[in-house]
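Scroll down for the structure; my scribbles are underneath it.
The values are calculated or read from the model by the stated rules, or taken from the named source; none is laboratory data. These figures come from a predicted structure and were not determined experimentally. When we count neighbours, we look across all protein chains shown, and the Cβ atoms used for this are built from the backbone with ideal geometry, even at glycine. When the accessible area is computed, the model is the full protein with side chains, heavy atoms only, and any ligands, DNA or RNA have been set aside. Shrake-Rupley method; radii C 1.70, N 1.55, O 1.52, S 1.80 Å.
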Amino acid sequence: MLISQVGNADGSITVVVREDGGRGRAVKGAASVHALAMEAANGGKSLKAVIDAEGLGEGIDLEAAYAEGRLLPPITHPDAAHLHLTGTGLTHLGSAATRDSMHKKTAEAAEETLTDSMKMFRMGLENGKPKPGEKGVQPEWFYKGNGTQAVAPGAALTSPSFALDGGEEPEMAGIYVIASDGSPFRIGFAVSNEFSDHVTERINYLYLAHSKLRQASFGPEIRIGAAPEDIRGFSRILRAGKVLWEKPFVSGEANMSHTFANLEYHHFKYGLFRSPGDVHVHMFGTATLSFGDGIRTQEGDVFEIGAEGFGLPLRNPLAVAAEEEIVIRQL
């Protein structure tokens with residue numbers, strides 16, 4: 001089942017569910033995906049059971065809503081400060097050739113000759129998939145911002161005036177709510193664009209934190225439930241309506257050096273991230289970037305990312321913000 005949100009002229013939200021490839025239908029009486037998920041989490045029910053109890057109403061044309069700019073992020077929070085955008089890196093193996101060469105390189109190289117990134121990657125290879133009941137190695141982790149940085153499908157991803165680059169990162173994101181007792185619950189997974197500044201990051205890896213403080217988009221739909229073992233998708237950039245760059249991307253644990261469970265544990269082990277009612281959008285990394293192929297994006301380019309079984313593709317144009325004058329005043 002796929003779930004999404006459409007914004008209405010009066011400010012209300014229509015929650016839409018459908019099977020992949022099927023027609024969307026409104027969930028009767030649903031105020032939002034967040035409200036449905038919290039009801040399920042606090043009531044000891046599955047999200048599907050809550051939806052079934054509410055019942056389905058009128059048909060919704062999601063493609064038309066997308067074209068009209070009415071799609072919202074597939075989950076929002078009434079207070080944007082209580083939605084958290086975070087992620088992990090160095091989690092994917094990449095292609096078979098890359099995996100084999102990476103294994104060989106990390107196995108044969110002396111520890112002191114490895115970069116910190118390569119050391120982190122090797123740690124994941126060695127202990128990113130722990131046995132049941134064991135705790136694996138913690139991954140690289142980063143913060144992107146709160147719900148004010150979440151951009152709706154179809155809306156522009158805006159690069160700050162001071163940014164050196166605005167590039168896509170096609171990733172799977174886990175979508176979570178925190179129950180009233182502080183227990184994290186996963187709704188499911190969605191396609192995401194973990195929009196980043198790769199030029200800034202390449203200057204020095206200690207600039208990673210700066211490079212990640214950018215907007216992100218996810219959806220348009222959340223696939224409810226566990227993620228497939230092998231996820232196949234595409235990432236492309238269109239310029240003036242023509243494909244500038246396109247490449248497949250893979251995700252899922254068959255293509256990763258960590259399990260989702262290990263990555264989830266190392267995020268939610270912090271009490272900070274278990275505040276009742278909060279929403280978490282946690283992005284799980286990628287091995288596919290246009291930046292790695294020498295592409296430099298420009299304002300007006302359109303990012304399009306999709307994956308089989310995850311509903312409509314995620315599309316966002318690139319915008320660049322006007323320069324702001326920042327003045328710090330003494331009280």
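With a Förster radius of 22 Å applied to the beta-carbon distance between Arg296 and Arg202, the computed FRET efficiency rounds to 0.95. Looking at the chain, the DSSP beta bridges with both ends there are about 85 percent antiparallel.
Accessible area per residue for the chain is 47 Å², calculated with a 1.4 Å probe on protein heavy atoms, without ligands, DNA or RNA.
Counting only protein chain heavy atoms and rolling a 1.4 Å probe, the accessible areas of Leu93, Leu272, Leu157 rank, largest first, as Leu272, Leu93, Leu157. Binning all Cα-Cα separations of segment 224-284 at 10 Å, short to long from zero, yields these whole-percent fractions: 17, 35, 27, 17, 4. Residues Ile75, Ile203, ordered by accessible area of protein heavy atoms at a 1.4 angstrom probe radius and largest first, appear as Ile203, Ile75. When you restrict to C-alpha pairs under 8 Å that are six or more residues apart and normalise by the size of segment 266-331, the relative contact order lands at 19 percent.
Rounded to the nearest 10 degrees, the angle from helix 116-127 to the longest Cα principal axis of the chain is 70 degrees.
A cut-off under 13 angstrom between Cβ atoms defines the neighbours of Gly309, and their net charge, with Lys, Arg +1 and Asp, Glu -1, is -3. A cut-off under 12 angstrom between Cβ atoms defines the neighbours of Ser217, and their net charge, with Lys, Arg +1 and Asp, Glu -1, is -2.
Shown here is the pair-distance distribution of segment 106-187: with all Cα-Cα distances grouped in 10 Å bins from zero up to the longest one, the shares run 12, 27, 31, 25, 6 percent. Take every pair of alpha-carbon atoms less than 8 Å apart whose residues are at least six positions apart; their mean separation over the length of segment 230-286 yields a relative contact order of 27 percent. Rolling a 1.4 Å probe across all protein chains gives Arg214 an accessible area of roughly 10 Å².
The alpha-carbon positions of the chain define a convex hull whose volume is 167 Å³ per residue.
Of the peptides 125-134, 220-229, the ranking by mean beta-carbon count within 10 Å, highest at the top, reads 220-229, 125-134.
Calculated FRET efficiency, Trp141 to Ala64, Cβ-Cβ distance, R0 = 30 Å: about 0.20 to the nearest 0.05. For Lys45, the amide hydrogen comes within under 5 Å of no other amide hydrogen, counting only partners 5 or more places away or on other chains and with H modelled in the peptide plane. Counting only alpha carbon atoms, the long axis of helix 33-43 and the longest principal axis of the chain meet at about 90°. Rounded to the nearest 10 Å², what accessible area does Asp10 have for a 1.4 Å probe in the complete protein model? In the full protein context, Asp10 sits at about 120 Å². A simple spin-label model places pseudo-atoms 7 Å from Cα toward Cβ; at Glu246 and Glu323 they are separated by 3.8 nm.
The fraction of accessible area contributed by carbon and sulfur in segment 3-91 is 51 percent, rounded to a whole number (1.4 Å probe; ligands and nucleic acids excluded).
Computed over every Cα-Cα pair of segment 154-307 and binned at 5 Å starting from 0, the pair-distance distribution P(r) comes out as 2, 9, 17, 20, 20, 16, 11, 5, 2, 0, 0 percent. Placing Ser161, Ser196 in order of accessible area, with the largest value first and a 1.4 Å probe, yields Ser161, Ser196.
Annotation: extensible slack from Asn8 through Ser183 equals 59.8 nm (criterion: 0.36 nm per residue apart, minus Cα-Cα distance). Using a cutoff of 8 angstrom between alpha carbon atoms and counting only pairs six or more residues apart, the relative contact order for the chain works out to 22 percent. Once the Cα-Cα distance is subtracted from the 0.36 nm per residue extended length, the Asn127 to Tyr265 segment shows a gain of 48.3 nm.
Among residues other than Gly166 with Cβ under 10 Å from its Cβ, the summed charge is -3 (Lys and Arg +1, Asp and Glu -1).
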